[in-house]
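Just so it is clear, none of the values below were taken in a lab; they were calculated from the coordinates. A quick note: this is a predicted structure, and the numbers were derived from the prediction, not measured. Cβ: placed from backbone, ideal geometry, glycine included. Neighbour counts: every protein chain shown.
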Amino acid sequence: MRIRKATPNDSPFIAHYLLLAMEEIIYEFIGEKDPQKALDFLLYFAQRENNQYSYQNCWVAEEDEVIAAINIYDGSQLSALRKPIAAYIKMQHGKDFNPEDETKAGEFYIDSFGVNPNQQGKGIGSKMLQFLIDEYVVKNQQTIGLLVEENKPAAKKLYLKLGFKSVGFKMLVGETLEHLQIN
């Protein structure tokens, strides 16, 4: 398995794998529970630059094809990266888009990541997270943060095992999530 920065050609994979992790949140964003519209939404942004879900902010794992994607960006850029998303949601879905800030300056934020369902349970997620820890924390002395849902104890256990620590709680689209960081 090779982990590398994503390219525009990876966008269909990015959209699919991020949707695995964000499906309910995307439904909230677009105002309807439509899997195809949610996938189209993520694909639209994954293939474009300068937004939260851009390929520019993603790393992918590949074997014969892309099998996982992880979305990470500088928390200080959240507002700028969200602007095109807010404009699109307003124009396409007639909704105001103003979710709580899930990150801020001082951390590189793992927004979401997903692994091909046929590849889950093989340690791919762990390897990708360890890669990011080595890249951002060890090599570049940065802090990585993420949010974890209460109903995902296995995910939280993995993050804690990798060295993340709880630093509090945050609200996102009406749900309380635990904020974990590693530095």
Inset, instruction - Among 128, 171, 91, rank each residue by its count of other Cβ atoms within 10 Å, from fewest to most, as a rough exposure measure. - result: 91, 171, 128
Inset, instruction - Using only the Cα atoms of segment 12-116, build the gyration tensor, take square roots of its eigenvalues as a ≥ b ≥ c, and label the shape rounded, prolate or oblate: rounded if a/c is under 1.5, else prolate if a/b is larger than b/c, else oblate. - result: oblate
Legend entry - Sparsely packed trypsin sites (Lys or Arg not before Pro) within segment 111-183, loop by DSSP, other Cβ within 10 Å at most 11: 139
Legend entry - From phi via Karplus (6.51, -1.76, 1.60), per-residue ³J(HN,Hα) for segment 68-83 in Hz, x at Gly/Pro: 6, 9, 9, 10, 9, 8, 5, x, 5, 9, 3, 4, 5, 6, 7, 3
Legend entry - Residue list for segment 76-97, given a label point 7 angstrom along the Cα-to-Cβ vector of residue 173 and an amide N cut-off under 20 Å: 78-97
Inset, instruction - Report ³J(HN,Hα) in whole Hz for each residue of segment 22-32, in order, from the Karplus equation J = 6.51 cos²θ - 1.76 cosθ + 1.60 where θ = phi - 60°; Gly and Pro get x. - result: 10, 3, 5, 5, 5, 4, 5, 4, 8, x, 7
Inset, instruction - Take every Cα pair under 8 Å in the chain that's 6+ residues apart, average their separations, divide by the length, and report that relative contact order as a whole percent. - result: 20 percent
Inset, instruction - Starting with the fewest neighbours, write out 182, 144 ranked by other beta-carbon atoms found within 10 Å of each beta-carbon. - result: 182, 144
Legend entry - Summed side-chain charge close to residue 97 - residues other than residue 97 whose Cβ falls under 11 Å, Lys, Arg +1, Asp, Glu -1: +2
Inset, instruction - Give me the net charge of residue 135's neighbourhood, meaning all other residues with Cβ under 15 Å from the Cβ of residue 135; Lys, Arg count +1, Asp, Glu -1. - result: +2
